[in-house]
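Encoded as structure tokens, the structure appears first; notes follow it.
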Amino acid sequence: MKKIGFSSILIIAISITACTSQQLQQTADAAKVAINSTGSGTATPAANPLTNDEVISGLRDALTVGTNNSSAFASKVDGFYKNPSLFIPFPPEAQKVKDWATKLGMNEQLDKFVMTLNRSAEEATKDAAPVFINAIKGMSIGDGFAILKGADNAATQFLKNKTTAELRVKFTPIVQNAINKVELTRYWNPIINNYNKVPFVEKQNPDLTAYVTDRAIEGLFKLIAEEELKIRKNPLDRVTDILKRVFGNIMN
């Protein structure tokens, strides 16, 4: 290996001495930022790191935005009925009823019932956002970074695990009102009553309110997860300052 001569060392020393202290500090600062952004997987400068409180605030903002957007989408006409991922089918536990009615040529009545079943979910989700948002505000989050750096639906899954039981209780009367408004039982009662009059059949009477409630909540969580993914992946969907800071500075 070629040795560095005394004259070369002298030139380097003179060059360093000629730099001002400000120039040297700028060079050091630039090196720190480069190390932070490439070595730690995050673009957050070491001088202004995210706090857990900020992350939690960002997660709540993300879920609130996702809930509002999801409720607005699902509550539109055909939001459930013509959306394959949200569509609510004939109650599976009453499949015998459907088979019997199909054999009797009651397809029109069955179709009308299923459409109205989905209409009740669409109607109910008009009032869903406040229920979800109250749950989000009261939700205790310990380690926000674990959720932030988790799967693309980690915040949605956390909300689902923590609040589904409470949401079901609060959402049930909303669904019942929606069922009454769209007159779901008007299309259901003739089908189930006629079936139950058949000799020797096992009587069927599924709880439509519970069925629609569970399917509506499940559908909304699907949409909220999609909204969370948008916020994680697309800077244009980060519509608040805290969303921009939290999701813009942490790389998944």
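Scan the stretch 160-173 and tell me whether some residue there is closer than 26 Å to Pro130 by Cβ, touching a residue at least 24 places away in the same chain (Cβ under 8 Å) and acidic (Asp, Glu). Scanning the stretch 160-173 turns up at least one residue that is closer than 26 Å to Pro130 by Cβ, touching a residue at least 24 places away in the same chain (Cβ under 8 Å) and acidic (Asp, Glu). Just one of the numbered conditions (1) crowded, with 20+ Cβ neighbours inside 10 Å; (2) within 17 Å of the chain's Cα centre (by Cα); (3) closer than 18 Å to Ala94 by Cβ is not true of Ile179; which one? The number of the failed condition is (2). Criterion applied to Ala72, Ala62 was being assigned by TED's automatic domain parsing to the domain that holds Arg186, of a type in the set (A, V, I, L, M, F, W, C) and free of Cβ contacts under 8 Å to residues at least 60 places away in the same chain, and the one residue passing it is Ala72.
Does Asp143 fit the bill of being over 20 Å from Gly219 (Cβ atoms), in contact (Cβ under 8 Å) with a residue 40 or more places away in the chain and loosely packed, with under 13 Cβ neighbours inside 10 Å? Considered against the rule, which asks whether it is over 20 Å from Gly219 (Cβ atoms), in contact (Cβ under 8 Å) with a residue 40 or more places away in the chain and loosely packed, with under 13 Cβ neighbours inside 10 Å, Asp143 comes out as yes. For Ile231, the conditions (1) surrounded by fewer than 17 Cβ atoms within 10 Å (Cβ to Cβ); (2) in contact with an Asp or Glu (Cβ under 9 Å, 6 or more places away or on another chain) are fulfilled apart from (1).
The values are calculated or read from the model by the stated rules, or taken from the named source; none is laboratory data. Since the model is a prediction, treat every value here as computed from it, not as a measurement. Every residue, glycine among them, receives a Cβ derived from its backbone with ideal geometry; neighbour counts consider all protein chains shown.
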